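Following: one structure in structure tokens, then a few remarks.
Nothing in this text is a laboratory measurement; each read-out follows from the coordinates by a stated rule. Predicted, not measured: the structure shown is a model, and the values here were computed from it. Here Cβ is always computed from backbone atoms with ideal geometry, including for glycine, and neighbour counts include all displayed protein chains.
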Amino acid sequence: FAALLEELIAHWPVPVEELVLVGHSMGGMVARSACHIAERGRLGWLARLTRLVCMGTPHHGAVLERGGHRIDSALGLSPYTAPFARLGKARSAGITDLRYGNVRRSDWAGRHPYDQKHDDRTPTPLPAGVQVYLLAATTAAEPRGLRHAVIGDGLVTLASAWGEHRDKALALAVPASHKRLITSAGHLDLLSHPEAADALRRWLA
């Protein structure tokens, strides 16, 4: 994606003055990874990036993927259920990145994607000089209670979508004014919810 953006900027018919990225779910992780690669490779498009919006992005992983990994491990304990565990491990490398929110190669280099047993990521700060906005959803009618805290939007918890983490090195320092929560909505609802459209219009105006 980083290389494609560099090519896009180079071939745009007029000089590009501003670039904005909007990513839903894993798309936000891909955008952050591209920013990291662009910074290391000194790609030109990063200097034109002004805003990044992440919608329901599992910055610190998705509970569903971690649960799937634990189920696979349990199934693998028995010779009778081991074939089902192998089927479960057919998940793509991108899906396994959702376990803890990997965004750089060093997070999984030198090991099989399924061998990451705990969150040992290298901290990846948000791109410097870029305004970052985070949109999250909760299936709960009110932002409180067990359902809100544990289930979130059905795939991503609010803490993960907002980049909150107990380790300050991994936490994403995004101001509250750059965050928006939509209640009574699921992960895919963010793609077409009127409140999501309103947030995008306000942030990108």
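If you take all other residues with their beta carbon under 15 Å from the beta carbon of THR139, and give Lys and Arg +1 and Asp and Glu -1, the sum is -2.
Per-residue packing, averaged as other Cβ atoms within 10 Å, sorts the ranges 128-139, 51-62, 186-197, 160-171 into the order 51-62, 128-139, 160-171, 186-197, beginning with the highest.
Taking N as the residue count of segment 155-205, its C-alpha radius of gyration divided by 2.2 N^0.38 Å amounts to 1.26.
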